Amino acid sequence: MRLFGKVANEKGNVLAMTAMAMVFLLGCAAISLDVGLLYIERVRIVNAIDSAVLAGVQHLPNRPELALQTAASYAQMNDLQVDEFQFQLSDSNFSLTGQAEREVPLHFARIFNQELGLVKARASARVASTSAVNGVVPFGVSEGNYQFGDLVILKRGAGSFISPGWYGCLALGGTGADIYEKNIKFCYNDRVSIGDFIPIETGNMSGPTTFGIKYRIDNCQHTPRCTINSFVDGCSRILIVPIVRVSEPDSGSVQVVNFAAFLASNYIGNGNENAVEGAFVRYVVPGEIDDRISGYGLYSSYLYE
């Protein structure tokens with residue numbers, strides 16, 4: 001009898017321990033499955049808020065309202081609801097910060113009376129002056145005090161050369177009319193940095209200049225027509241131009257001291273009188289940045305939080 005009672009008691013202990021183990025295992029399942037669910041949802045809103053601020057910051061600093069609208073639009077396109085996110089501008093409209101929160105319904109954790117989990121995300125992006133960039137055109141504009149909206153001569157005609165024999169044309173990736181014209185039409189794809197020395201392209205280069213700029217202007221098919229106050233990002237009329245310094249007139253090269261963006265507006269005259277004008281605009285492009293330099297309105301963006 002004593003042996004029977006001992007065995008029965010041990011069976012009861014095993015059952016109790018098994019029940020406790022089952023509760024523990026269920027708890028582990030609840031934690032692991034719901035933590036995984038929370039992780040997946042957080043990754044989603046992190047990606048959504050990152051893409052939103054990076055899209056919005058492209059319009060800073062001169063179009064802050066459009067920056068906020070764009071960020072909100074991207075957030076919604078990435079499945080964030082209007083009441084789940086908010087965006088703020090800072091740093092004199094050079095920075096854009098976004099936050100998102102989402103309540104996620106849980107499953108196994110409900111056995112512990114935990115029905116919802118909260119996931120959060122935050123991201124900040126800013127623009128700063130560009131120090132190196134791909135995609136410049138082969139014009140060199142002398143450093144100066146330009147105002148946004150000003151018409152600037154990007155390539156000069158006869159009688160208004162910058163230095164003897166140089167009308168503002170640059171030899172990027174080689175010399176000659178074909179390379180020069182190709183670089184106007186399709187840009188120079190290698191990277192150019194502040195501090196680089198670029199060989200000048202001597203002569204007026206009238207024909208290649210006209211063909212190249214006409215190609216860029218004619219390929220702007222936007223309606224309404226792009227203007228300095230309202231243009232489409234990536235428009236063919238947007239020209240990224242090195243701002244240069246002529247240190248020695250006879251050196252055969254100029255030094256890049258900055259970058260600027262211009263909206264091609266006109267090509268003037270024929271033959272030796274050929275010239276190109278562009279309106280000075282603010283613009284954001286992919287590129288390297290340097291917070292220490294005071295730029296000419298060409299910016300690049302980056303995430304910093």
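All of the numbers you see were taken from the coordinates with simple rules; none came from a lab. What you see is a predicted model, and the numbers here were worked out from it, not measured in a lab. For neighbour counting, all protein chains shown are included, and Cβ atoms are generated from backbone atoms with ideal geometry for every residue, glycine included.
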Checklist entry - Once the Cβ-Cβ distance between ASN189 and GLU103 is put in as r, and R0 is 51 Å, what FRET efficiency do you end up with, to the nearest 0.05? => result 0.60
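On a full-extension model of 0.36 nm per residue, what is the gain between GLN88 and ASN229, subtracting their alpha-carbon distance, rounded to one decimal in nm? Don't jump to the answer; show the numbers that get you there.
On the way: separation 141, 0.36 × 141 = 50.76 nm, distance 2.32 nm.
48.4 nm is the gain from fully extending GLN88 to ASN229.
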Item to check | Fraction of alpha-carbon pairs over 22 Å apart in the stretch 131-303 - percent | outcome: 39 percent
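Apply 1/(1 + (r/R0)^6) to the Cβ-Cβ distance of TYR146 and ASN47, taking R0 = 30 Å, and write down the FRET efficiency to the nearest 0.05. Present the calculation step by step, with values, prior to reporting the outcome.
Numbers: r = 39 Å, r/R0 = 1.29.
About 0.20, to the nearest 0.05.
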Checklist entry - For the stretch 203-305, what's the radius of gyration and Dmax over Cα atoms, in angstrom? => result 15.9, 53
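Between ARG292 and GLN69, 0.36 nm times their residue separation minus their Cα-Cα distance comes to what? Walk me through the intermediate numbers first.
Values: separation 223, 0.36 × 223 = 80.28 nm, distance 2.94 nm.
Extra length available between ARG292 and GLN69 comes to 77.3 nm.
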Checklist entry - What is the distance, in nm, between label points placed 7 Å from the Cα along the Cα-to-Cβ direction at ALA158 and at TYR304? => result 5.1 nm
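Which order do the peptides 239-248, 125-134, 139-148 take when ranked by the mean count of other beta-carbon atoms within 10 Å per residue, highest first? It would help to have the intermediate numbers written out before the result.
Values: 239-248: 19.1, 125-134: 21.6, 139-148: 15.9.
Ranked by mean Cβ neighbours within 10 Å, highest first: 125-134, 239-248, 139-148.
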Checklist outcome for this item: Length gained if ASP79 through TYR215 is fully extended, taking 0.36 nm per residue and subtracting the Cα-Cα distance, is 45.0 nm
Next on the checklist: Could you order the peptides 52-58, 91-97 from most to least packed, using the average number of other C-beta atoms within 10 Å per residue?
Outcome noted: 52-58, 91-97
Checklist entry - Say each of ASP178 and VAL246 gets a label point 7 Å from the Cα, pointing the same way as Cα to Cβ; how far apart are those two points in nm? => result 3.0 nm
